[in-house]
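Okay, structure first, notes after.
The values are calculated or read from the model by the stated rules, or taken from the named source; none is laboratory data. What you are looking at is a predicted structure, and each value in this text was computed from that prediction instead of being measured. FYI the Cβ positions are ideal-geometry reconstructions off the backbone, even for glycines, and counts take in every protein chain you see.
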Amino acid sequence: MLALALLLAGGAAAGCGGRATTHHKPGTSHEQASGSVGTLLATVDASGHKLREVPAEGAPEVRLALRPDSEDGWNLQLSVENFRFTPDSTGGAALPGAGHAHLELDGRKIARLYGPWFHLPAAQVPEGAHTLTVRLYADDHTSWAVSGKPVEGAAQLTVPAPGASGGGHSHGDTSPQPPQSPPPGQGQADRTVTITVRDGKVSPAPARTELRRGERVVLRVTSDRADTLHVHGYDKELALPAGQEATLILTADRTGLFEVETHESGLVLTQLLVR
């Protein structure tokens, strides 16, 4: 019996196939496995996974692009920085800049991704306008986060009605939008924010713009150098031609605190506080 007990203990220590990295520490959940990277927060992401906070400098980043497949559906490409996919160690300790991704369609998880490419069949996407979101996770299934927000990217996808032009599907485009014409009449915009960027300085000084959910905000930005505006959380982008005013119209349909910044110069222009 003693020999049998030793044999069982040895087997448990070795783990499945001898890969101890795929198992949790005794007494921990799959969201609290070993690993001292960052800070484990009490808050969770949209799918209920705890956030693992890391500094913004050197943090993982992800962008999502869609391309229609020649036969069916779409091919999704994840462009990542400071991150690598580690399918062999999923379930183990959180390692810096490593893990996998989740794919969500309108907030519903539809796949776990272990690499930069994924084929999305047309049968999984119903007719209409949708939002695809990819979110990066550590090996222990905690969600990588910066400033209390999950590291994620999104793209829009519209599926036309049967018989409409476009071959039954279209793909999202995450490239910066051209400047939009401002809505006619002052009554169509609940808030208008006018910002100027000159010599690396933002005027007026960055502050919070408070909105109620459902309100429409118009961002009018003039930069002395070509750049790209990005609204975090909404994943909206806008090309900023040098010396020309560019306009982005946004409906604040998500609550929270969202930063508006420039890509090239890395300047925070304002923060949208939606209640």
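If you go through segment 219-237 and pick out every residue that is in a strand (DSSP E or B) and either under 26 Å from L132 (Cβ atoms) or charged (D, E, K, R) (or both), you end up with 9.
Only a single item in (1) in a strand (DSSP E or B); (2) over 26 Å from T43 (Cβ atoms); (3) at pLDDT 90 or above is not met by T133, and it is number (2).
Determine, yes or no, whether E261 is buried (at least 18 other Cβ atoms within 10 Å of the Cβ) and not β-branched (V, I, T). Here the answer is yes, as E261 does meet what is asked.
Within segment 98-110, the presence of a residue that is among the β-branched types (V, I, T), closer than 21 Å to R63 by Cβ and modelled with pLDDT of 90 or more is excluded.
Tell me yes or no: at least one residue of segment 238-249 is part of a strand (DSSP E or B) and closer than 21 Å to G107 by Cα. No: segment 238-249 contains no residue that is part of a strand (DSSP E or B) and closer than 21 Å to G107 by Cα. If the condition is being without any contact (Cβ under 8 Å) to a residue 60 or more places away in the chain and either of a type in the set (A, V, I, L, M) or touching a helix residue (DSSP H, G or I) at 6+ places or on another chain (Cβ under 6 Å) (or both), then segment 232-248 contributes L240, A242.
Taking segment 188-210 as the range and being at pLDDT below 90, in a strand (DSSP E or B) and in contact with an Asp or Glu (Cβ under 9 Å, 6 or more places away or on another chain) as the test, only R191 passes.
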